[in-house]
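Taken together, the values in this text are just the output of simple stated rules run on the coordinates, not laboratory data. This one's a predicted model, so the numbers in the text were calculated from it and none came from an experiment. Quick reminder, even Gly has a Cβ in these numbers, built from the backbone with ideal geometry, and neighbours come from all protein chains shown.
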Amino acid sequence: MIPAAGRITTLTGACALVEALRLHGVDTVFGIPGTHNLAIYDALTLSRIRCVTPRHEQGAGYAADGYARATGRPGVVVTTTGPGVVNAATALAQAYSDSSPILLISPGVPTCHPYSGRGYLHESKDQSRAIDALCAWSHRVTSVREIPAAVARAFGRFAEGRPRPVHVEIPADLLDMEDSVKLVSPYRIMPRVPDPLALDEAARLLRGAKRPGFVLGGGAQCPDEDEPPVGRAIMRLAERVGGAVVTTVNGKGSVPESHPLALGATLHLRAVRRWLAECDVVLAIGTELGPADLWEERFSLAGTLIRVDVDPGQMQGDHVADVAIVADAALTVEGLSERIQRRNPVPRSRQEPRYDHERELGELTQRWAEHVRALRRALPKETIVVGDNSMMVYHGAVVALPMDPPGRFLFPSGYGTLGFALPAAIGVKLGRPDRPAVVLAGDGAFQFSLQDLATAVELRLSLPIVISANGGFGEIREEMQQRGMEPVAVDLHCPDFPALALAYGARGQVAKTPDDLHEAVTEALEVPLPTVIVVPEGDRAV
């Protein structure tokens, strides 16, 4: 019999954990069994929660991240002590940078462990404190009875503000220990309602603006909505006041990039930054306006800045808000729309940036332009594109692969890790099996996590994996050359990726032309197996 929320019952620590996860709607966990977490896996076998086994805990973290971004529900990772936790740390740090809700659960040294340095298996000097430095918080429980409350606290953190990863450590001896526990129901947290006076001031400024601009970040996304309500409302607002809309990479897909007022995810282009810097009013929603978004350390705005964010800390820093609205993005945009009803007769010249960024965009993307166009033809509108931190992605697909909702674009911004795309796409497909997904990666990035081809094969995922192969770390190679130095440690042996795919039980082929790529991706979307598609770039790739 499954214990109900609020009822006091006797459970082991592991069973208390799994029941708490079940009550909070968890249907999938990503992780690898180990000596110290076997009690958790034993309890999971008695539940309906699916266990997915990536080939490395870092991949488990990325998969949970992809699951969270695609569904809007927290991704859950279970590791063993020590190396398992540390292996997942990079994925947690990436999720922290991109505000993605991940719950990492791990055992810790037993409560009876007398001192550190004793030589306990997988012992870390201070596991919880180490992870706390990389995520929103890390908590070590001290009793079986505390476990359900710790899980509830984690899910509460996800719901009450900026969602970021958390870690719950359970001493290994508590997992098998029995005690009376009270399971805690999920508590509902109402969205933050915007201050009416702040809305009045923001609306007044936008109505009077001569050159308004809008910037949308990841906080404007709504993963569980096919048509994000913030994006729809923002475009109506932009039409009324005559302002163009630009997004960060994490905001890509929040507004239809086919709209004439949408500039796409082009915030890093010099021409777009010049336009934004000269706007007299800027409305920024759910974005840090950070150097990683702008590709510029020092960027200043000449106009009045209205910031909307659930994180009050975002109102200060590099770009201090003139009007601060600490509130839910959808409620804020709804409130602004109610206050700006009249559709102003705005001249066409005011509706677009005065600086033409097309030439700059073309210079950045020409190397991949034809292949990106082939992808556009092959991918259905609702595709979730998962990009790695590779040149083909941030110089190519980010700006040259327009996206309208319900399409989504997932990318490891900020922290900028490599190896994200394949495991994250696995999480996407498990969370949204109804949606097509595609992986875009360079050969260097792909080799960080290629072992998860085995995971995708086991799950029989229909997943095209497009690899732009330039024989190494192309961006770093070019940066070395720009410094006047001889490239070193960046030219890598490029394996036979199609043969490697076949060895894993996947499919593999080389797309020598854009037409080959179009045909390969179209076919791969229909096959219940991952397909590695190599796009050779120049003479460095095989």
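Worth pointing out:
- Judged by the mean number of other Cβ atoms found within 10 Å, the most tightly packed of the peptides 432-444, 503-515, 31-43 leads the ranking 432-444, 31-43, 503-515.
- Student exercise, the chain dipole from Lys, Arg, Asp, Glu Cβ charges, in Debye to nearest 20: 1220 debye
- Calculated FRET efficiency for the pair D311/L492, C-beta based, R₀ 41 Å, to 0.05: 0.60
- Summarising the label geometry, the points placed 7 Å from Cα in the beta-carbon direction at K125 and T53 lie 3.3 nm from one another.
- Under the criterion of Cα pairs below 8 Å and six or more residues apart, the relative contact order for the chain equals 14 percent.
- Peptides 403-410, 517-524 ordered by packing proxy, namely the average of other Cβ atoms within 10 Å per residue, highest first: 403-410, 517-524.
- Gain in span if fully extended, D200 to D280, counting 0.36 nm per residue against the direct Cα distance: 27.0 nm
- For the chain, the residue among G387, V466, L410 whose Cα projects farthest onto the positive side of the dipole built from Cβ charges is L410.
- Answer label, with Rg/Rh (Cα atoms, Kirkwood Rh) calculated from the coordinates and candidates [x] 0.99; [y] 1.07; [z] 1.26: [x]
- Of all DSSP bridge pairs formed entirely within the chain, close to 10 percent run antiparallel.
- Each of F299, P536, L44 was scored by the projection of its Cα onto the charge dipole of the chain, and the greatest displacement toward the positive side belongs to F299; charges sit on the C-beta of Lys, Arg, Asp and Glu.
- Simple point charges give the picture: +1 on the Cβ of Lys and Arg, -1 on the Cβ of Asp and Glu, and for the range 1-148 a dipole about the Cα centre of about 200 debye.
- For L174, L216, L294, the sequence from fewest to most other C-beta atoms within 10 Å is L294, L174, L216.
- A simple charge model with +1 on the Cβ of Lys and Arg, -1 on the Cβ of Asp and Glu and nothing else charged puts the dipole of the range 196-356 at about 920 debye relative to its Cα centre.
- Listed by Cβ neighbour count within 10 Å, with the fewest neighbours leading, Y415, Y67, Y187 appear as Y187, Y415, Y67.
- Loop-located trypsin sites (Lys or Arg not before Pro) in the range 60-135 whose Cβ has at most 13 other Cβ within 10 Å (DSSP): R118, K125
- Going from the fewest other Cβ atoms within 10 Å to the most, the residues W275, W295 appear in the order W295, W275.
- Cα centroid separation, the range 102-154 to the range 231-310 (Å): 40 Å
- Site pair W295 and E526 shows an inter-label distance of 3.7 nm when each label is modelled 7 Å from Cα along Cα→Cβ.
- Among the listed pairs K125/K429; K125/K252; K429/K512; K210/K252, those with a Cα-Cα distance over 32 Å are K125/K429; K125/K252.
- Note on S258 and T111: with the Förster distance fixed at 60 Å, the Cβ-Cβ geometry gives a FRET efficiency of about 0.55.
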